[in-house]
1. Quick check: net charge around Thr240, other residues with Cβ under 13 Å of its Cβ, Lys/Arg +1 and Asp/Glu -1?
2. Quick one: accessible surface of Asp136, probe radius 1.4 Å, all protein chains present, in square angstrom to the nearest 10.
3. Of Val253, Val31, Val41, which is the most mobile in a GNM of the chain whose springs link Cα atoms less than 10 angstrom apart?
4. How big is D, in µm² s⁻¹, for segment 148-227 by Stokes-Einstein at 4 °C and 1.567 mPa s if Rh is the Kirkwood radius over C-alpha pairs?
5. Over the chain, average the accessible area per residue using a 1.4 Å probe and give it in Å², no decimals.
6. Work out which helices of the chain, taken as complete DSSP H runs, extend at least 15 Å along their axis over the Cα atoms and score a mean Kyte-Doolittle of 0.5 or more, then list them.
7. For segment 46-178, just list the percent of Cα-Cα distances falling in each 10 Å bin from zero outward, please.
8. Choose one answer from Pro134, Pro97, Pro81: the residue with the largest mean-square fluctuation in a GNM of the chain with alpha-carbon springs under 10 Å.
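The values are calculated or read from the model by the stated rules, or taken from the named source; none is laboratory data. What you see is a predicted model; the values in this text were computed from it and never measured. Note that we place each Cβ from the backbone using ideal geometry, even for glycine, and neighbour counts take in every protein chain shown. Protein only, heavy atoms only, side chains kept; ligands, DNA and RNA dropped before computing areas. Shrake-Rupley method; radii C 1.70, N 1.55, O 1.52, S 1.80 Å.
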Amino acid sequence: MTQVSFSGGDAMVALKSNAEIEAMARAGAVVAEALRAVVDVAAPGRSTADLDRVASDVLASHGAGSPFLDYHPRWASAPFPAVLCVSVNDAVVHGIPTDRELVDGDLVSVDFGATLNGWCGDAARSFVVGTPGPDDLALIDATDAALAAGIAAATPGNTLGDIGHAVATSARAAGYGMLADHGGHGIGRTMHEAPHVPNVGRPGGGMTLRHGLVIAIEPMLIADGTDDYVHDRDGWTLRTASGARAAHSEHTVAVTHDGPRILTN
């Protein structure tokens, strides 16, 4: 792995070799399998803790670990107690699984990571339990489209600002808000590495992307066009300040000479 400094700070960015990208893709495959399994079992009457258990079982079946469980950043009052984030309706991200039962029409965002043979993968998706409403489907589609726009910009020679500009342009054009002060991140041996990957950016601004950079791109859109959020009393969950619904979509992406490669597809 080659260590290079990036513009705008003193942090070091770890570029991955082709073999290391392949190893990360294997971790990403575990993430993708777990998210599919969670969506398949989600139904009215299922608790969010049930979904966490399904994701945990997938990890165990592959001998993989969780970068989420017991993760304790400085801003959190306690370590995260689960392997899966489950955020429902006005919860945008970092929802803690509980015995809360899902009901028909709930908008659910699930965020999941896996560590396999020392490499991490991280992804998120949003869906509706039971009968979907058209507004929720439009919000999810717009979030996925913003992610796709960000991924398309993740090519050598482009910049982090190009990614953020692509994400924000897509989301704002559709009329949605974006969770303030949040974005994606580098990923590799640990879940969160340099650089920060903004969801809002200036074309041509920030670090230039190079082959071997692996990042998580993750737009978080808010239905009513607002950006503000509040912290839940659990110390983790971020909710929209207005009470509007939100959606979250994320992939781990490698920047390569052949174009962006999704490792959690």
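1. Value of the local net charge: -3.
2. Answer for Asp136: close to 20 Å² accessible.
3. Of Val253, Val31, Val41, the Gaussian network model singles out Val41 as fluctuating most.
4. 103 µm²/s
5. About 41 Å² of surface per residue is accessible.
6. TM-like helix candidates: 18-41, 134-152.
7. 11, 33, 35, 20, 1
8. Evaluated over the chain, the most mobile residue of the options is Pro134.
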